[in-house]
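The values are calculated or read from the model by the stated rules, or taken from the named source; none is laboratory data. From a predicted model like this one, the values you see are computed outputs, not experimental measurements. Methodologically, a virtual Cβ is constructed for each residue, glycine included, from the backbone with ideal geometry; neighbour enumeration extends over all protein chains shown. Keep in mind that these areas ignore ligands, DNA and RNA; they rest on the heavy atoms of the full protein, side chains included. Shrake-Rupley method; radii C 1.70, N 1.55, O 1.52, S 1.80 Å.
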Amino acid sequence: MALATLALAGHQRHAAAGRVARRLAALQAGDGSLGITASQRDPHWPTGLAVLAWSVADEPGTRQPGGFWQANVDRAVAWILSTRGETLPKAPDLGHDPTLEGWSWVEGTHSWIEPTAINLLALKATGRTGHPRARQAALLLVDRMFASGGCNYGNTIVLGQRLLPHVEPSGLALLALAGEHDERRRIAASLDYVEANLSAATTSMSLAHGLIGLAAHGRLIPRASSWLEQAARKRRGLGPHQSALLVLAALGEDCPLVRLARTSGGST
């Protein structure tokens, strides 16, 4: 529902976006979190996506997008800031810094790329780019990127083997890192990696995340529209989640996620 709200708002379907935003609000728990579905209250990683949706949703009678949902946003952000991924002591065989704090898919586990990127975006969208948790999250995302570009889902080395990067988490990490200054040049390398690995054969989720991540850094691919159209025509196995992402990616730099990511930058 959160991605649907963002997609509808991005295409100026404000009334429909407001209706979906209300459904999201009805699912919010008293502690500010949101679960996977109405019946599955945990894990709570969709909470950050709900913050992004409420940040762009209009409601009749309000003067600016997101204003009607401020109380929901405040409760959700408070929950986000109250949780963190588990840390570990540094070890040479891990390949990344396990002392950095981000967010996990499930409470009580290690921090991973995608939930950390989502919650960093939520903090940026609500004016908290300079918050210590946001700065730590940006450091974590850059640290988990390979020097040659791209990232896996959170680890860099497993059982002594260097993992391979994937477009989907790389694109989401790049989106969250819009406006960040990276002296290690890993963001630049990751932009090159994603651009080089997108094509008409890329799966819908990876294609959408890759294009949105590139757009957040002002890198647009001329063939993107054709690729997105081809992906959208593959109806079989394409659910609402994938459809919303494709619709968002089609907006390029006008994508609400891109605008929210560019709200302000930082330094990593």
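Are any residues in segment 206-233 in a helix (DSSP H, G or I), within 19 Å of residue 261 (Cα to Cα) and not hydroxyl-bearing (Ser, Thr, Tyr), and if so, which ones?
Initial filter on segment 206-233 (in a helix (DSSP H, G or I)): 206-215, 224-233.
Restricting the remaining residues to those that are within 19 Å of residue 261 (Cα to Cα) gives 206-215.
The answer is 207, 208, 209, 210, 211, 212, 213, 214, 215.
Quickly run through segment 93-110 and pick out the residues that are of a type in the set (A, V, I, L, M) and either under 20 Å from residue 122 (Cα atoms) or open to solvent by 50 Å² or more (accessible area, probe 1.4 Å) (or both).
Answer for segment 93-110, where residues must be of a type in the set (A, V, I, L, M) and either under 20 Å from residue 122 (Cα atoms) or open to solvent by 50 Å² or more (accessible area, probe 1.4 Å) (or both): 100, 106.
Hey, could you check segment 1-23 for residues that are free of Cβ contacts under 8 Å to residues at least 40 places away in the same chain and part of a helix (DSSP H, G or I) and say which is surrounded by the fewest Cβ atoms within 10 Å (Cβ to Cβ)? Give the derivation first.
Going residue by residue through segment 1-23, those that are free of Cβ contacts under 8 Å to residues at least 40 places away in the same chain are 8, 12-13, 16, 19-20, 22-23.
Now drop any that are not part of a helix (DSSP H, G or I), which leaves 8, 16, 19-20, 22-23.
Values: 8: 25, 16: 16, 19: 15, 20: 21, 22: 15, 23: 12.
This residue is 23.
So, of the residues in segment 152-175 that are more than 11 Å from residue 190 (Cα to Cα) and hydroxyl-bearing (Ser, Thr, Tyr), which turns out to be surrounded by the most Cβ atoms within 10 Å (Cβ to Cβ)?
Residue satisfying both the conditions and the ranking: 156.
Hey, could you check segment 142-174 for residues that are free of Cβ contacts under 8 Å to residues at least 60 places away in the same chain and of a type in the set (Ser, Thr, Tyr) and say which is nearest to residue 104 (Cα to Cα)?
Kept after step one, since they are free of Cβ contacts under 8 Å to residues at least 60 places away in the same chain, are these residues of segment 142-174: 143-154, 158-159, 161, 163-172, 174.
Pick out the ones that are also of a type in the set (Ser, Thr, Tyr) and you get 148, 153, 170.
Working: 148: 25, 153: 11, 170: 17 Å.
Restricting to residues being free of Cβ contacts under 8 Å to residues at least 60 places away in the same chain and of a type in the set (Ser, Thr, Tyr), the top hit is 153.
Hey, could you check segment 34-82 for residues that are under 17 Å from the mean Cα position of the chain (by Cα) and hydroxyl-bearing (Ser, Thr, Tyr) and say which is most open to solvent (accessible area, probe 1.4 Å)?
55
Just to verify a result, which residue in segment 88-125, among those that are hydroxyl-bearing (Ser, Thr, Tyr) and modelled with pLDDT of 95 or more, is farthest from residue 212 (Cα to Cα)?
By that ranking, first place goes to 99.
Taking the criterion of being modelled with pLDDT under 95, more than 18 Å from residue 249 (Cα to Cα) and among the β-branched types (Val, Ile, Thr), would at least one residue in segment 157-171 satisfy it?
Within segment 157-171 (the criterion being modelled with pLDDT under 95, more than 18 Å from residue 249 (Cα to Cα) and among the β-branched types (Val, Ile, Thr)), the answer is yes, since at least one residue qualifies.
Out of 127, 149, which single residue is of a type in the set (Gly, Ala, Ser) and open to solvent by 10 Å² or more (accessible area, probe 1.4 Å)?
127
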